[in-house]
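Please read the structure below before turning to the comments.
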Amino acid sequence: MAPAQRAAWDAYLTLTLGLLPALLDDRLDSTVNTQLGGVTTRVMQYAPLWGEHGPILVAAVKSAVRLYRAGERGDLIALLRATADRLYLLSASRTPPRRDGRDPTTP
């Protein structure tokens, strides 16, 4: 697995196995805060590996922090699910998905 794929997979797992379940179960804010911080750190650190998708993911996690601080859990969960989808796609392909939604292997 390429470093960019491994980094995306790691962030995806942290998001889907840690942060989202913590939010959905209404766990203590300290748990959610720690998980959100972990996801944010990973995305900020590895964003340069993801080409044009890196800045999009950085903007998403920054927005997630703002939503968390504002107490907007519903919007936060929706944003994190979309972020998880993008991370999964990045982890599953050697070629990052195109922004226009087309398959990167077709002309």
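At-a-glance table
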read-out: Total residues in the range 1-48, condition surrounded by 13 or more Cβ atoms within 10 Å (Cβ to Cβ), in contact with a Gly (Cβ under 9 Å, 6 or more places away or on another chain) and more than 13 Å from residue 84 (Cα to Cα); value: 7
read-out: Which listed residue is touching a Lys or Arg at 6+ places or on another chain (Cβ under 7 Å) and at pLDDT below 90, from 96, 3, 104; value: 104
read-out: Qualifying residue in the range 16-23 (condition: touching a helix residue (DSSP H, G or I) at 6+ places or on another chain (Cβ under 6 Å), farther than 15 Å from residue 76 by Cβ and without any contact (Cβ under 8 Å) to a residue 40 or more places away in the chain); value: no
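For every residue, the table says whether it meets (1) assigned to a helix (DSSP H, G or I); (2) farther than 23 Å from residue 93 by Cα; (3) among the hydroxyl-bearing types (Ser, Thr, Tyr).
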residue	(1), (2), (3)
15	yes, no, no
38	yes, yes, no
43	yes, no, no
46	yes, no, yes
49	yes, no, no
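The values are calculated or read from the model by the stated rules, or taken from the named source; none is laboratory data. Keep in mind that this is a model prediction, so the values were computed, not measured. Using ideal geometry, Cβ is built from the backbone for each residue, glycine included, and neighbour counts are taken over all protein chains shown.
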